[in-house]
Amino acid sequence: MRWRRLIQGIAVAAVAMLFASACLSESGGGGGGGGDSEGGGGDKQIEIMYGFGGDQSKGFEQAMAAFEKSSGITIKFTDASQSFDTLIRPRVQGNNPPDIALFPQPGLMLDFAKQGKLQDLGGMVNLEQLKTTLVPGELDTGTLDGKTYGVPMSMNVKSLVWYPKKAFEAKGYKVPTTIAELEALTNQIKADGTTPWCVGIESAGATGWVGTDWIEEFVLRYGGPQKYDQWVKHEIPFTDPVVVQAGQEFDKLALADGQVFGGRKSVVSTNFGTSINPMFDDPPKCFLHRQGNFITQKGFMADKARANLDENVGVFQLPGVSATDKPVLGGGDLAGAFTNDDDVKKALEFMFTPDFKFPNMAASSYMSPHKTFDVSQYPDETTKKIAQGAYASTVFRFDGSDLMPGSVGAGSFWKGMTAWISGQRSLDETLKEIDESWPS
Amino acid sequence: MIRVINALLAIIGGVGAALLLYYVLNKLVEMLPQKWEERIKPWVFAGVALAAIGLFLIYPAVRTIILSFANATSTAWVGLENYTDLLTSRDFQITLGNTLLWIAVVPAVTVALGLAVATLADRLGPRGEKLTKSAIFLPLAISGVGAATIWRFIYEARPAGEPQIGLLNAVWTALGFDPVAWLTVDTLRFNSFLLMVVVIWGQVGFSMVLLSAAVKGVPVDTLEAARIDGANERQIFFKVTVPQIWGTVITVFITVLITVLKAFDIVFVMTNGNFNTDIIAVRFFNELFRNGDNGRAAAIVVMLMLAVIPVVAYQVRHFRAEEAAR
């Protein structure tokens, strides 16, 4: 009698356990996707993780909706725009990565590639063909030891200086073609009684990245592409004279007393996205602002300026040392794959086609990384001009801080710039600390 | 919908399975001889909970200590390098200094303010007391991130000439001064104090509620006796009331202290540790999730654990002494 009851109990318990574990595995299976399957057929379901945010996220989802329809593959969109790098890391460490990730920072992507977590795209898409259409240099960004782990599916251009067109022309200012001319223009604006620059580097958890862009611009200009590449790979130290020179130039041009609206102290507490807007006041509070093409997005640039971009806003490429020297610093989102199956291949191929675009071109300020892209599709002359400039560039370099290891490029470099600009550290101390933080 | 059903099924199944597990274990033990049954039975019931604590608390803690001696990706041993690197870096020294400052200031101020409000509100009419206490209690209901966002707006600074949307700067500029980017002013750790204000603002309500209950529990005859003996109000407060509520004061102090040691959200949202305001939990987050450095992050946690142990030990002893006195 006793035994029978016991066996009954165990049997019921076993059924209950099975029941519970069945539930769990069911809900787990949906999210897990293809897992580690190599080159399998796929299950018509993929997860894509990206960090666009706002209208860009919407644009991406719209673009991929067409793909879902034609291929029958369902895409799970994971918008990690709040903090892409801190959200994807635990997913990868926990062996639960998305199938495809669109990395805004290739440094993080290369970290994963080094750990062997990413698929070699060489066997998945036609790299040779991509090489012929992509802006030169874009493909090298996602390449490590001869293997390509990430291919850009969007582009942004950073070396841009914006100005309030009407007021700028009314004052008789001329677009500079060399750094020396830019300095002269800055002095002229200052002499006319206006602070020349608007600079803001506040960006919540990412505060400081705008400062790193400035340093990169000048390292690329003073050191040239080779020195720049060495610096990004830490083959020359962070304290190298060319980096010091870049910092000093940034300081002299746009941080020193009277050079920046609100003064040096307010640079660190002014949001990067809206910091351009005092130039659209009447009279303008500043005339120059260096920022990437994405600044024209809604929510960043003031609506009154965006209303007629071509008429209100002027833009020129940040000049080089000489008038013929026109390097371009840029960025983009690199698509990398954690899974290798037919579904993922199809999705990647779709994103890498040279005429891929976000349907809401104006709202998302999408720019194609393919130089063969039909520029007449850009919503305004300003964007067209920026894109053409980048497509025609001979020296195109990816944002250096995005290429450095995460702990530098998204850590000590950001924090160092913030501490230096706010006056908590000297330039030399800052560069020394960043150099020491480089992982060995 | 399927998810909801699935979740419900999982809950029912899980709870049922747990019940059955205990039932079956109990039956098994009952089959043993009387002597062994009595010996083993308590362990059967406590054992499951112990196993859960072991799995979810002790095992990770031990792993963390072990990994603090390994490199960023936990693939090779580096000895004490994580500790020496951290302790010799100026950045981390500032972080530690700030954490100590938080420990020194926040619990003491929270208790003092809470006690002051509790005592003073006690003297108001019932309606006034209710109103004051509700108002002071309210911030406790706001999440840390919410509170930080609210206070970011209070401290918000715009360059001179732009309209100031931050409350503090609006007042400040109305008085004729130039706007100040408050959170970047690190002279004498001023910005750290501004961040502490937010935590204190949130925690005073908690401190007030507990202390108010304790103050109300002080027997009136002891106060009257002191009054008859000619003691003034200050003497009554410090020599009669406070000693009688000392146990509650310690409890509140330690609870707030532990909150401070774990404080993360306020600093993360408001400055992310920039401008020399970093504290240990934010630093840990950045090392682990931004820099992906398992070793250093583990080393920071171990240091934090070491710092918490004496506090917890004191609390346990204090608790035991109180129990014994009862």
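Just so it is clear, none of the values below were taken in a lab; they were calculated from the coordinates. Worth saying up front: this structure is predicted, and the values here are computed from it rather than measured. All Cβ positions, even for glycine, are placed from backbone atoms using ideal geometry, and neighbour counts span all protein chains on display.
Under 5 Å between amide hydrogens, built in the peptide plane, is the criterion, and for A:Gly314 it picks out A:Tyr163, A:Lys165 among residues at least 5 positions away or on other chains. The sum of -39500 (n - 2.57) across all DSSP H runs of n ≥ 4, divided by the residue count of the protein assembly as shown, sets its helix-only mean residue ellipticity at 222 nm to -17500 deg cm²/dmol. Projecting the Cα atoms of B:Phe45, B:Ile58, B:Tyr23 onto the charge dipole of region B:23-82 (Cβ charges, centred on the Cα centre) puts B:Tyr23 farthest toward the positive pole. Reported to the nearest whole Å, the Cα centre-to-centre distance from region B:6-75 to region A:284-323 is 62. All distinct Cα pairs of the protein assembly as shown go into the 1/r average, and the inverse of that average, the Kirkwood radius, is 30.0 Å. Across region B:283-288, computed HN-Hα scalar couplings (Karplus, 6.51 cos²θ - 1.76 cosθ + 1.60, θ = phi - 60°) run 4, 4, 4, 5, 5, 7 Hz from first to last residue, x flagging Gly and Pro. Given Cα positions, please report Rg to Rh for region B:63-129, the hydrodynamic radius being the Kirkwood one. Here the Rg-to-Rh quotient is 1.40. Amide H contacts of A:Val199 (H built 1.01 Å from N, in plane; Pro and chain starts excluded): A:Phe261 sit under 5 Å, all sequence-distant by 5 or more or on other chains. Checking every one of the chymotrypsin sites (Phe, Trp or Tyr not before Pro) in region B:140-212 against DSSP loop status and a limit of 15 other Cβ atoms within 10 Å picks out B:Phe177.
Each peptide in A:338-344, B:304-310 was scored by the mean count of other Cβ atoms within 10 Å over its residues; highest first, the order is A:338-344, B:304-310.
Calculated from the alpha-carbon coordinates, region A:349-432 shows an Rg and a Dmax of 18.1, 48 Å respectively. Peptide B:20-27 shows a mean partner chain C-beta count of 3 within 10 Å per residue C-beta.
Trypsin sites (Lys or Arg not before Pro) within region B:77-130: which are DSSP loop residues with at most 16 other Cβ atoms inside 10 Å? Loop-located and lightly packed - B:Arg123. Beyond 31 Å in Cα-Cα separation lie the following of the pairs A:Lys76/A:Lys298; A:Lys171/A:Lys384; A:Lys158/A:Lys415; A:Lys131/A:Lys304; A:Lys58/A:Lys265: A:Lys131/A:Lys304; A:Lys58/A:Lys265.
Annotation: the residues B:Asp265, A:Asp120, A:Asp355, sorted from fewest to most other C-beta atoms within 10 Å of their own C-beta, follow the order A:Asp355, A:Asp120, B:Asp265. Hull volume per residue, based on the alpha-carbon atoms of region B:218-292 and their convex hull, is 118 Å³. In terms of the Cα gyration tensor, with a ≥ b ≥ c the square roots of its eigenvalues, is region A:67-161 rounded because a/c is under 1.5, prolate because a/b exceeds b/c, or oblate? Since a/c stays below 1.5, the shape of region A:67-161 is classed as rounded. In region A:175-270, the alpha-carbon atoms span a convex hull of 104 Å³ per residue. Across region B:118-125, computed HN-Hα scalar couplings (Karplus, 6.51 cos²θ - 1.76 cosθ + 1.60, θ = phi - 60°) run 4, 5, 5, 5, 4, 8, 7, x Hz from first to last residue, x flagging Gly and Pro. The charge dipole of region B:81-325, taken about its Cα centre with unit charges on the Cβ of Lys, Arg, Asp and Glu (plus for the first two, minus for the last two), comes to roughly 400 debye. For the segment B:8-14, counting C-beta atoms of other chains within 10 Å of every residue's C-beta and taking the mean gives 5. Think of region B:81-325 as a dipole: +1 on every Lys or Arg Cβ, -1 on every Asp or Glu Cβ, centred on the Cα centre; then among B:His318, B:Val256, B:Val209, B:Val209 lies furthest on the positive end. What is the percent of Cα-Cα separations in chain A that go past 36 Å? For chain A, the share of Cα pairs beyond 36 Å comes to 31 percent. Computed over region A:115-208, the alpha-carbon pair-distance distribution with 10 angstrom bins reads 11, 28, 19, 21, 16, 5, each value a whole percent.
Calculated over region B:81-325, the projected area of the Cα convex hull averaged across directions stands at 17.5 nm².
Only the Cβ atoms of Lys and Arg (+1) and of Asp and Glu (-1) were treated as charged; on that basis the dipole of region A:333-440 about its Cα centre amounts to roughly 260 debye. The GluC sites (Glu not before Pro) of region A:202-289 that meet both conditions, a loop assignment by DSSP and at most 15 other Cβ atoms within 10 Å of the site Cβ, are A:Glu235. Normalised by the number of residues in chain B, the average gap of Cα pairs under 8 Å and 6 or more apart makes the relative contact order 25 percent. Couplings 3J(HN,Hα) for region A:410-423, derived from phi with the Karplus relation 6.51 cos²θ - 1.76 cosθ + 1.60 (θ = phi - 60°), are 10, x, 5, 5, 4, 5, x, 4, 5, 5, 5, 5, 6, x Hz, where x marks Gly and Pro. Residues whose amide H comes within less than 5 Å of that of A:Glu47, counting only those at least five positions distant or on another chain, are A:Lys76, A:Asp99, A:Ile100 (H built at 1.01 Å from N in the peptide plane). Taking every lysine pair in chain B that is 8 or more places apart or spans two chains, those with Cα atoms closer than 20 Å amount to 5.
Rounded to the nearest 5, the antiparallel percentage of DSSP beta bridges internal to the protein assembly as shown is 50%. Divided by 2.2 N^0.38 Å, where N counts the residues, the Cα radius of gyration of region B:2-67 comes to 1.55. Exposure proxy for B:Arg296, B:Arg234, A:Arg89: other Cβ atoms within 10 Å of each Cβ, ordered fewest to most, give B:Arg234, A:Arg89, B:Arg296.
The mean number of Cβ atoms from other chains found within 10 Å of a Cβ in peptide B:283-294 is 6, as a whole number.
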